[in-house]
Amino acid sequence: IPLAVAKGMFLFKMHKNRRKIYKNIKKFELQLLSLPQYVVVIDSSDLSVEAQQLWANIHAALQAEYQQLNWPFPLLNLQDPQGAYSYMQGFLAVHGLDKQLLVLGELPCMPQQSRKLPSLDDMLAQPILKKQLWNALNNK
């Protein structure tokens, strides 16, 4: 079962609890907004100025708690694909416990329990797509 294919970074395949890594992991940064029922997360590694402004506007509108994760992890013995996977999953689990995970665009490793929504760039190109985020936050 493929877990993720994002920006050509890496692909995890789960088969009988074994993971195969096909490519190296590039540096990435996740940003997360935490609300009582939801967590909204993006890969903010390569955001345009316009996408950064849209993200800031979303943050201001939601008045949500902000968290950030940066890869690579500072411990050298955890800077492998398994370390990246565990680090990101732990980050999302801690902040998303008992919450619905809404992902804007792609993540380096998409959690299976997440709901994928249009990316910030997609929302900028087609503003009507912003409605999907607001509908998801309002249980529609």
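Residues in the stretch 29-78 that are buried (at least 16 other Cβ atoms within 10 Å of the Cβ) and assigned to a helix (DSSP H, G or I): 51, 54, 55, 58, 62. Might you check whether a residue that is more than 20 Å from residue 36 (Cα to Cα) and out of contact with any strand residue (DSSP E or B) (no Cβ under 9 Å at 6 or more places or on another chain) occurs anywhere in the stretch 86-103? Looking through the stretch 86-103, at least one residue is more than 20 Å from residue 36 (Cα to Cα) and out of contact with any strand residue (DSSP E or B) (no Cβ under 9 Å at 6 or more places or on another chain).
Here is the figure for the stretch 1-24: residues that are open to solvent by 60 Å² or more (accessible area, probe 1.4 Å), more than 15 Å from residue 106 (Cβ to Cβ) and modelled with pLDDT under 50 total 10. Can you find, within the stretch 25-48, the residue that is modelled with the lowest pLDDT among those that are farther than 11 Å from residue 95 by Cα and of a type in the set (Val, Ile, Thr)? Looking at the filtered set, the residue picked out is 25.
Taking the numbered list (1) small (Gly, Ala, Ser); (2) at pLDDT 95 or above; (3) within 17 Å of residue 137 (Cα to Cα) in turn, residue 51 passes all entries but (3). Every listed requirement among (1) in contact (Cβ under 8 Å) with a residue 24 or more places away in the chain; (2) open to solvent by 10 Å² or more (accessible area, probe 1.4 Å); (3) in contact with a Lys or Arg (Cβ under 9 Å, 6 or more places away or on another chain) is met by residue 105 save one, (2).
Within the stretch 114-129, being part of a loop (DSSP other than H, G, I, E, B) and out of contact with any Leu (no Cβ under 6 Å at 6 or more places or on another chain) holds for one residue alone: 126. Among the residues that make up the stretch 121-132, is at least one of them in contact (Cβ under 8 Å) with a residue 24 or more places away in the chain, out of contact with any strand residue (DSSP E or B) (no Cβ under 6 Å at 6 or more places or on another chain), open to solvent by 30 Å² or more (accessible area, probe 1.4 Å) and of a type in the set (D, E, K, R)? Yes, that holds for at least one residue.
The values are calculated or read from the model by the stated rules, or taken from the named source; none is laboratory data. In this text, all values refer to a predicted model and were calculated from it rather than measured experimentally. We place every Cβ from the backbone using ideal geometry, glycine too, and count neighbours over all the protein chains shown. Ligands, DNA and RNA are excluded from the accessible area calculation, which covers all protein heavy atoms including side chains. Shrake-Rupley method; radii C 1.70, N 1.55, O 1.52, S 1.80 Å.
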